[in-house]
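Report on the following structure.
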Amino acid sequence: MKSGSIRVNLLAWLIIPGLLVLGIGAWLSYEQAFRLSNIVTDQQLTASARMIAEEVAYSDDSLVVTIPPAALELFASESHDEVAYAVTDSAGNLIAGYPGLDTPTKTGRGNLLFFETVFRDEEPMRAVDFLQTVVTPTGGVIVRVSVGETLKARNALVTTLWMRGFLEQGALVVAGAISIWFGISRELAPLLRLRQEVRDRRPDQFEPFDADRVQTEIRPLVQALNAHMDRLRQQLERQRRFLDSAAHQLRTPLAVIKTQVNYALRSRERSEIDLALTEVDSNLTSMARMTSQLLTLGGVDHNRTALQSETIDLSDIAHQVVLEAASRALDAGIEMAFDSDGPAGVVGSDVMLVELVTNLVENIIAHAGAGAEATIAVRRGVRDVILRVEDTGEGATDEDRTGLLQRFRRGRNARPGGSGLGLSIVSEVVESMGGTIDLPAPRAGKGFAVEVRLPAAVS
């Protein structure tokens, strides 16, 4: 699944909650605007009702009232709201005002009661009931003064107050979004520069990127990229060395074989042709062995991480390899023995372990010489498994021994026909499995010895 743009995703994660907050704020702003508008309207209604109530008096055995103009002028506005008022006595008889102004039956707190009503079943109103005591010769009389105003002015005030708050909050959200956009763009600039650096790199350029030029959170990514590039560089270098070595080593025997074939084609004597063909067959056999070793070496280079896959008994593998090579060792006049103190598990590939032991055994058969004795021993240590291969042949000088683990390096006492790849294959396999290889001095004082240490598998 595509992850999309970091900039857009971050902006969405920040803006969507902001819009939610804006919606809640808009609702709260409307509620506040509604309350404030009711307060303003109620104050006007109360002032008007008090003015009218102050004009109620007892005269000629009846209650009379003169409506002051100021009581109605309080409601003058551009909305042209209708105003209704009614003055009634305690019995509900209309003293002055408009009939049809519905008043609630309940009483308010103290002498004031604010309520919503409808005037003559048409116009909704906000109204107030104000109770006033009027003194008469027989005692006090309660007079109800009701004043109502249609809701146009109040609704207009609600809209004005709410829109002002909403626009202010919206402007803050927009300003925040713009600030976030520029902030994200600025913070993404190092990552974009890194992307451009990656694009501009040549195929053969593997220098590490500067992790300090990006933010702390991105540095592990850059460091991982640098580590991957270093592994890729090493892999390409190994492949280049492999191809160069293979081309160099195959070129010479191919030239020799071509010369021998041409010699056979020019020869008239059957014996000369047979001799040339025998040499060609011998060289082809050597080339086949060298090609197989080159392919093995290339496989080790290419699949280093894939080698450590399962637990293998190195003792069992070494035993099988020695059994298979025993007859050829006897034909070469070499007495070969195997020694082990029991199972010795290591983590690796059985194919590569077989190749490792086979190359060591073949090295003995090829170079130890007739009359030599050889021992292949496997020992289980505390933390590692030790494979020691030793013979009493001609061996190698101390000067030769230091370079025999390199590719295509052969000792001065080496017999003809080898490629110089056997020990380098062993070294590559051992390194890929996290082990070590050493060429110690032989215990018998002469010959050649190889000691391999591989990490023991956890039982």
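A short reminder: the numbers here are calculations on the coordinates, not readings from a lab. This structure is a prediction, so every number in the text was calculated from the model and none was measured. Neighbour counts are summed over all protein chains in view; Cβ atoms, including those assigned to glycine, are modelled from backbone coordinates with ideal geometry.
A few comments on the model shown:
- Convex hull per residue volume in Å³, alpha carbons only, for segment 132-284: 299 Å³
- Model label zone, Glu82; criterion: amide N under 16 Å from point 7 Å along Cα-to-beta-carbon; scope segment 112-140: 117-127
- Rounded to the nearest 20, the size of the Cβ-charge dipole of segment 6-158 about its Cα centre is 840 debye, with Lys and Arg at +1 and Asp and Glu at -1.
- The alpha carbon centroids of segment 20-91 and segment 436-457 are separated by 109 Å.
- Segment 120-172 and segment 345-367: distance between their alpha carbon centers, rounded to Å: 102 Å
- Residues Leu36, Leu11, Leu20, ranked from the fewest to the most other C-beta atoms within 10 Å, line up as Leu20, Leu36, Leu11.
- Taking the number of Cβ atoms within 10 Å of each Cβ as an exposure proxy, the fewest-first ranking of Asp121, Asp438, Asp341 is Asp121, Asp341, Asp438.
- Where the alpha-carbon atoms of segment 6-158 are placed on the principal axes, they occupy 87, 31, 26 Å, in descending order.
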